[in-house]
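Following: one structure in structure tokens, then a few remarks.
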Amino acid sequence: MTTISVPVTRPATDGGLRVLDAWARVPDRPTPEERARRKARAAELLRAHDAVLVAHFYVDPDLQDLALETGGCVADSLEMARFGREHPARTLVVAGVRFMGETAKILSPEKRVLMPDLDATCSLDLGCPPDEFAAFCDAHPDRTVVVYANTSAAVKARADWMVTSSCALAIVEHLAARGEKLIWAPDRHLGAWIARETGADLLPWQGACVVHEEFRSAELEDLRRAHPDARVLVHPESPAGVVAQAHLVGSTSQLLREVVEGDAETYIVATDAGIFHRMEQLAPGKRLIAAPTSAPGAGCRSCTHCPWMAMNATQGVIDCLERGVNEIHVPEPVRSRALGCIDRMLDFVREHPEALLASRRAAPPAPDPY
């Protein structure tokens, strides 16, 4: 196992940005024989413990396959939360990052929620400390607080609404139409895109995703020039110059649906490369190209894959079920307060199912041929 340092962005007291060093562990890759043995053992333990595996699109392909083969799900954070709440299993094993496990526990307090690795976190979560965020909210009491799913339970407990990238546009449009001024946290790129698309009066927290912030607009333009017939699919946590070149801006589920249902042969994808596994399974005839994260020869922090998502491994599923470790706990009153903002989102989506289709299509400018 290798430990790596990961820079995380958060606001500074002078109004600028500061970068702090976090860390992630990268599991060693087992042999094919060991991978098969671990998958079989994990499947056996899931059955024995009345457990279901809920996996994000960005985790190891073995975990995605294991979830589907054992009656679990592979999804974005919204569908993971809904699936876990509605499934009858008494134990949920959440393969993703910590805020996803917390959300599952908030929605299903009666269930045991385990994770392959409790240290698997998120740069957006780390970049939005609850105490600092609460002070930010207290300084603007006239604003409705809207937080992205990629935040801790304590931050959600301070919020009025939670949103995911699948429904953020529709919910912010709804709030803006009511004349509400908003605080948005934590991703500044996603917040800026939502503000541009909706015209909302939105005061952003200055966080960023360590993966999506690395996509580069100039290098993407070069790639588009090399593949003029390709469709560009971009997650809205990406910088504005990358978003401006997209044919479709949307959540992981929306980007996946476009690859499956779209009529193009080639897609340039600006999101975590973990989603390529499911895209290739559901659209085997399509060509997928990862959007560039740096200039040729330069280094990158994530190289299109979240280092904390990479901490999830099949052995972690085995360990948490065999030993009963890595259980998520969300104490009261944090849980019940956080539940309020999540329930508002789920109620809105239930009443407005079209909200989950609120991606944005565009005709990006043609790249300069020279």
Under 6 Å by Cβ, and 6 or more places apart or on different chains, what pairs join a residue from region 42-60 that is without any contact (Cβ under 8 Å) to a residue 40 or more places away in the chain with one that is of a type in the set (Ser, Thr, Tyr)?
ALA43/THR70
Return the only residue of ASP119, ASP125 being touching a residue at least 24 places away in the same chain (Cβ under 8 Å), closer than 27 Å to PRO307 by Cα, part of a loop (DSSP other than H, G, I, E, B) and of a type outside the set (Phe, Trp, Tyr).
ASP119
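For region 225-268, what are the residues that are assigned to a helix (DSSP H, G or I) and among the polar types (S, T, N, Q)? Break it down stepwise before answering.
Within region 225-268, the subset assigned to a helix (DSSP H, G or I) is 225-226, 240-243, 252-261.
Of everything in region 225-268, those that are assigned to a helix (DSSP H, G or I) and among the polar types (S, T, N, Q) turn out to be THR252, SER253, GLN254.
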When restricted to VAL269, VAL260, the only residue within 23 Å of ARG225 (Cβ to Cβ) and either crowded, with 22+ Cβ neighbours inside 10 Å or of a type in the set (A, V, I, L, M, F, W, C) (or both) is VAL269
Exactly one condition in (1) under 21 Å from THR164 (Cβ atoms); (2) β-branched (Val, Ile, Thr); (3) not in a helix (DSSP H, G or I) is false for ILE275; which is it?
(3)
Can you tell which of GLN245, GLN315 is closer than 30 Å to GLU44 by Cβ and over 19 Å from the mean Cα position of the chain (by Cα)?
GLN315
Do we find a residue being assigned to a helix (DSSP H, G or I), more than 22 Å from the chain's Cα centre (by Cα) and at pLDDT 95 or above anywhere in region 72-91?
no
So ASP119 ticks every box in (1) touching a helix residue (DSSP H, G or I) at 6+ places or on another chain (Cβ under 6 Å); (2) among the charged types (D, E, K, R); (3) surrounded by fewer than 19 Cβ atoms within 10 Å (Cβ to Cβ) but one. Which box is left unticked?
(1)
Out of (1) assigned to a loop (DSSP other than H, G, I, E, B); (2) of a type in the set (Ser, Thr, Tyr); (3) modelled with pLDDT of 95 or more, the odd one out for SER294 is which?
(3)
In region 213-243, which residues are crowded, with 17+ Cβ neighbours inside 10 Å and aliphatic (A, V, I, L, M)?
LEU220, LEU223, ALA230, VAL232, LEU233, VAL234, VAL242, VAL243
Kindly indicate whether any position in region 91-110 is out of contact with any strand residue (DSSP E or B) (no Cβ under 6 Å at 6 or more places or on another chain) and more than 23 Å from MET345 (Cβ to Cβ).
no
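Could you pull out the residue among ALA283, ALA208, ALA240, ALA195 that is without any contact (Cβ under 8 Å) to a residue 24 or more places away in the chain and under 22 Å from the mean Cα position of the chain (by Cα)? Before the answer, list the steps.
Working: ALA283 fails: without any contact (Cβ under 8 Å) to a residue 24 or more places away in the chain; ALA208 fails: without any contact (Cβ under 8 Å) to a residue 24 or more places away in the chain; ALA240 fails: without any contact (Cβ under 8 Å) to a residue 24 or more places away in the chain.
None of the others qualify; the one that does is ALA195.
Within region 260-268, does at least one residue satisfy the condition of being β-branched (Val, Ile, Thr) and touching a strand residue (DSSP E or B) at 6+ places or on another chain (Cβ under 7 Å)? Before you say what the answer is, go through the steps one by one.
If we filter region 260-268 for residues that are β-branched (Val, Ile, Thr), which is where we start, we get 260, 266, 268.
Applying the additional criterion that residues be touching a strand residue (DSSP E or B) at 6+ places or on another chain (Cβ under 7 Å) yields 266, 268.
Yes: one or more hits.
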Restrict the check to region 5-14 and report whether at least one residue is under 27 Å from MET162 (Cβ atoms) and modelled with pLDDT of 95 or more.
no
Filter region 61-74 down to the residues that are crowded, with 24+ Cβ neighbours inside 10 Å and touching a residue at least 60 places away in the same chain (Cβ under 8 Å), then identify the one that is nearest to CYS167 (Cα to Cα).
VAL74
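Within region 32-52, how many residues are outside any helix (DSSP H, G or I) and more than 16 Å from GLY324 (Cβ to Cβ)? Show your work before the answer.
In the first step, residues of region 32-52 are kept if they are outside any helix (DSSP H, G or I); the result is 49-52.
Checking which are more than 16 Å from GLY324 (Cβ to Cβ) leaves us with 52.
The number of residues fulfilling the criteria is 1.
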Of (1) among the β-branched types (Val, Ile, Thr); (2) surrounded by fewer than 22 Cβ atoms within 10 Å (Cβ to Cβ); (3) more than 15 Å from PRO116 (Cα to Cα), VAL26 fails just (3)
Taking into account only those residues within region 128-152 that are free of Cβ contacts under 8 Å to residues at least 60 places away in the same chain and in a helix (DSSP H, G or I), which is farthest from the chain's Cα centre (by Cα)?
ASP138
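Counting only residues that are charged (D, E, K, R) and in a strand (DSSP E or B), which one in region 1-19 is farthest from ALA120 (Cα to Cα)? Lay out the reasoning, then the answer.
First pass over region 1-19, keeping only residues charged (D, E, K, R): 10, 14, 18.
Keeping just the survivors that are in a strand (DSSP E or B) gives 10, 18.
Details: ARG10: 18, ARG18: 22 Å.
Restricting to residues being charged (D, E, K, R) and in a strand (DSSP E or B), the top hit is ARG18.
Examine region 213-231 for a residue that is touching a strand residue (DSSP E or B) at 6+ places or on another chain (Cβ under 8 Å) and polar (S, T, N, Q), and state whether such a residue exists.
Looking only at region 213-231, we keep the residues that are touching a strand residue (DSSP E or B) at 6+ places or on another chain (Cβ under 8 Å), and these are 213, 215, 220, 223-224, 227, 229-231.
Next cut, polar (S, T, N, Q) only: none.
No, region 213-231 contains no residue that is touching a strand residue (DSSP E or B) at 6+ places or on another chain (Cβ under 8 Å) and polar (S, T, N, Q).
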Starting from residues that are over 30 Å from THR198 (Cβ atoms) and of a type in the set (A, V, I, L, M), keep the ones in region 319-370 and report whichever is surrounded by the fewest Cβ atoms within 10 Å (Cβ to Cβ).
VAL325
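The values are calculated or read from the model by the stated rules, or taken from the named source; none is laboratory data. Since this is a predicted model, take the numbers as computed values, not measurements. We place every Cβ from the backbone using ideal geometry, glycine too, and count neighbours over all the protein chains shown.
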